[in-house]
Amino acid sequence: MSFENIILTMENNIALIQFNRPKALNALNNAMFDDLDQALDQVQADPEIRVLVLTGAGDKAFVAGADIVELTKMTPLQGKYFSRKGQKVFSKIEDLPIPAIAAVNGFALGGGSEAALACDFIYASEKAVFGLPEINLGLIPGFGGTQRLARIVGSNRAREMVFTGKNITASQAFEFGMVNQVCAPEDLMDAVMKTAGTIAAKGRVALRAAKEVIHNGTNADLETGCRIENDAFGLTMASADAKEGTSAFLEKRKPVFTGGLN
Ligand code: CO8
């Protein structure tokens, strides 16, 4: 299936979604959210896919935010619905049973930073620019940014970014713990695909459990988080992948994970 506002490719167990409205620096409009929503369903439905990578088409932007032209035509109620729609689609990335990596190749402003923050982790080009500049438009972030940014960089850094609307560089984002790795622009996709390939070789059941436990556990108190981990640990123990992984270790060979639940 092809889309008007994104490009979806799936090969070598890795799905790649590129935001694709380069003339508007990949700004997120309603139609792009519809495309992204459907593409995420397609990715989730394919049992061969073990990692999702999100990036921006062109060399200038990951996503420069919500489409400001479209925003100006909305009533407050339509704006509220649009904000909720964006929150739900980004939560779908977070709820995917496979890890998602953001490859931030340029501007990731407003909704762009919010999209990247919904991924499991971020690699960024040295040219990447992050920020939640909505305050400069008389608005606040509306796609989960106030919540995810504060959980990742800490509440005080998030407050400063949201209150001032100032952008930060890739190296500042790295220093804040928002970005895992900063790469030369020409090396970004190779670095991301290398890490994606490493993850794609792991067992599906364990990857899914690890993602769910970290996500659900970090939103709970420590004891609840440990109990969530404990239940998921039992599930992974019951998987064929656990038998394969432990046998391969004892037999001094590389494991071949098939991802089945039996
Ligand atoms: N929406 C629509 N069009 C955009 C956007 C955007 N967010 N960003 C850039 N564009 C367009 C420009 O209008 C321009 O179009 P044209 O060539 O037709 O004039 C084209 O992309 C290229 O942009 P620039 O000429 O401005 O390129 P520069 O290199 O000079 O500047 C910047 C790049 C710094 C990224 C600049 O374009 C910019 O500041 N963009 C806006 C960034 C921003 O404020 N983002 C936040 C948007 S609000 C948001 O994300 C809210 C999320 C929550 C919403 C909740 C729902 C209601």
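The values are calculated or read from the model by the stated rules, or taken from the named source; none is laboratory data. Source: prediction; values computed, not measured. So basically every Cβ, Gly included, is an ideal-geometry build from the backbone, and we count neighbours across all protein chains shown. When the accessible area is computed, the model is the full protein with side chains, heavy atoms only, and any ligands, DNA or RNA have been set aside. Shrake-Rupley method; radii C 1.70, N 1.55, O 1.52, S 1.80 Å.
List of remarks:
- Unique match (being in a helix (DSSP H, G or I), in the same structural domain as N167 (by TED's automatic domain parsing) and open to solvent by less than 60 Å² (accessible area, probe 1.4 Å)) among Q87, Q78, Q18: Q87
- All positions within segment 175-198 that are surrounded by 17 or more Cβ atoms within 10 Å (Cβ to Cβ), in a helix (DSSP H, G or I) and of a type in the set (V, I, T): V192, T195
- Yes/no for A66 being touching a residue at least 60 places away in the same chain (Cβ under 8 Å) and either more than 13 Å from the chain's Cα centre (by Cα) or open to solvent by 60 Å² or more (accessible area, probe 1.4 Å) (or both): yes
- Taking the criterion of being within 15 Å of the ligand (Cβ to nearest atom) and over 22 Å from the mean Cα position of the chain (by Cα), the residues of segment 134-162 that qualify are I135, N136, L137, G138, L139.
- Matching residues, segment 200-219, being open to solvent by 30 Å² or more (accessible area, probe 1.4 Å) and among the β-branched types (V, I, T): I214, T218
- Of the residues making up segment 43-53, none is within 8 Å of the ligand (Cβ to nearest atom) and either more than 25 Å from V213 (Cα to Cα) or not assigned by TED's automatic domain parsing to the domain that holds T236 (or both).
- Filtered residues of segment 32-42 (kept if open to solvent by 10 Å² or more (accessible area, probe 1.4 Å) and either away from the ligand (no atom under 16 Å from the Cβ) or within 12 Å of R21 (Cα to Cα) (or both)): D35, Q38, D41, Q42
- Given (1) under 18 Å from D37 (Cβ atoms); (2) in contact (Cβ under 8 Å) with a residue 40 or more places away in the chain, number of the condition A173 does not satisfy: (1)
- Qualifying residue in segment 32-45 (condition: aliphatic (A, V, I, L, M), under 18 Å from P141 (Cβ atoms) and part of a loop (DSSP other than H, G, I, E, B)): no
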